[in-house]
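See structure below.
The values are calculated or read from the model by the stated rules, or taken from the named source; none is laboratory data. Since we're looking at a predicted model, the values are computed, not measured. Backbone-built Cβ (ideal geometry, glycine too); neighbour counts: all protein chains shown. Note: areas computed on protein heavy atoms with side chains; ligands, DNA, RNA excluded. Shrake-Rupley method; radii C 1.70, N 1.55, O 1.52, S 1.80 Å.
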Amino acid sequence: MVEFWDGYGWPAAWMVIKIVAIVLPLMLSIAYLTFAERKVLSAMQLRRGPNVVGPWGLLQPIADGIKLLCKETIVPSGANRGVFLLAPCVTFSLALVAWAVIPFGPGLVLSNINVGVLYLFAISSLGVYGILMAGWASNSKYAFLGALRSAAQMVSYEVSMGFIIITVLLCAGSLNLTDIVMAQKSVWFVVPLLPMAVLFFASALAETNRHPFDLPEAEAELVAGYNVEYSAMTFALFFLGEYANMILMSSMTAVLFLGGWLPPFDIAPFNWIPGPIWFALKISAVLFVFIWVRGAFPRYRYDQLMRLGWKVFLPLSLAGVVIVGALVAWNGGPLAGR
């Protein structure tokens, strides 16, 4: 961290300013991601979508937030009150702290640590605890079954996701996310690692419990799953955490496979656009695919979901590690820049 001022207190204040500069746009993006999702799905289904609150419906996310904030938080009588209220806070907090290592541009990162990939993987793995806490503390069999489903699903797809990330690390030769982006100056990793990029995106869908892998929230048999007993702001925190994780997974996809803040071609007018703008555009493109998949694909059965994770994704990601590792060994070092 660069200390711009001398004296006591200023470095800490500067860190707080940087955190606020990340969190506030992120919260605004989460709010309007819900609006964008409703608009895109309504267009796919030939509906109008939200168009009443504000011009073109643009104030609908604000109205939804105010409504949830004003509602009463109901805690079931048989629930463990402390754990019940802590669970959504854990889920939402983990969705925010992961952004500490995401680089938005050259030098624009809160903490440029050398093990940024391990940090991200550790934070994403901890996300299952908030869901398990919610399912257990609700004292409801439907919530508990939804939490168990989600835990099994997230653990299953984290394994293949880890192997996919290893293929990227072998190509880049570093665990630092900035170094991984800079290793894609000549060609984005999505080109040589296209099968791994597709597997990573599908695993991200399962990791965030998104359609067609939204089995923990299956309304037909589990009445919304692990968050069935939640209301008002406790439900809103789960909701915000899910959409924050969507944006996080999209940013990871952009960093690992789409060149981060780098333009597609290092020529005018592409290199005139600032790096953070390119990064935001890539995240938006991946988020659009998140929404498109929800509108286009049917939901998997739970046995199909687990079979896909353990019998298809895991062998394919292992094969990718073996092939890329053999190429790196034959090349005598990381493939990037060779």
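Assorted remarks:
- Simple rule: put +1 on each Lys or Arg Cβ and -1 on each Asp or Glu Cβ in the range 256-338, find the dipole, and look at Pro298, Val322, Trp278; the Cα lying farthest toward the positive end is Pro298.
- Once the 1.4 Å probe is applied to the protein heavy atoms, the range 164-203 comes out at 37 Å² accessible per residue.
- Given charges at beta-carbon only (K, R positive; D, E negative), |dipole| of the range 268-338 in Debye: 220
- Between Val52 and Arg307, the FRET efficiency from the beta-carbon distance, with R0 = 51 Å, is close to 0.70.
- Between helix 194-207 and the chain there is an angle of about 20 degrees, using the helix long axis and the longest principal axis of the Cα atoms.
- Rounded tilt (10° steps) of 232-257 against the dominant C-alpha axis of the chain: 20
- Nearest-20 debye value, the range 1-128 charge dipole, Cβ charges on Lys, Arg, Asp, Glu: 580
- Against the chain, whose longest principal axis is taken from its Cα atoms, helix 314-331 shows a tilt of about 20°.
- DSSP loop GluC sites (Glu not before Pro) with at most 13 other Cβ within 10 Å excluded, longest remaining stretch of the chain: 73-338
- Between Leu316 and Phe270, the distance separating the two model label sites (each 7 Å from Cα on the Cα→Cβ line) works out to 2.7 nm.
- When the surface is traced with a 1.4 Å probe over the full set of protein chains, Asp303 keeps roughly 70 Å² accessible.
- Near Val181, once Lys and Arg are set to +1 and Asp and Glu to -1 for all other residues with Cβ below 14 Å from its Cβ, the sum equals 0.
- Gain upon complete extension [Leu126, Val23; 0.36 nm per residue less C-alpha separation]: 35.1 nm
- Kirkwood-type hydrodynamic radius, the chain: 21.3 Å, calculated from all non-identical alpha-carbon pairs.
- On the beta carbon distance between Ala232 and Phe288, with R0 = 25 Å, the FRET formula returns roughly 0.25.
- Counted residue by residue at 0.36 nm each, then reduced by the alpha carbon distance between them, the extension gain from Arg299 to Val159 reaches 48.2 nm.
- Summary value for the range 109-172: 26 percent relative contact order, contacts being C-alpha pairs under 8 angstrom separated by 6+ residues.
- Of the chymotrypsin sites (Phe, Trp or Tyr not before Pro) in the range 227-288, the ones in a loop by DSSP (not H, G, I, E or B) with at most 14 other beta carbons within 10 Å are Phe265.
- Computed over protein heavy atoms with a 1.4 Å probe, the accessible surface of the range 260-338 works out to 61 Å² per residue.
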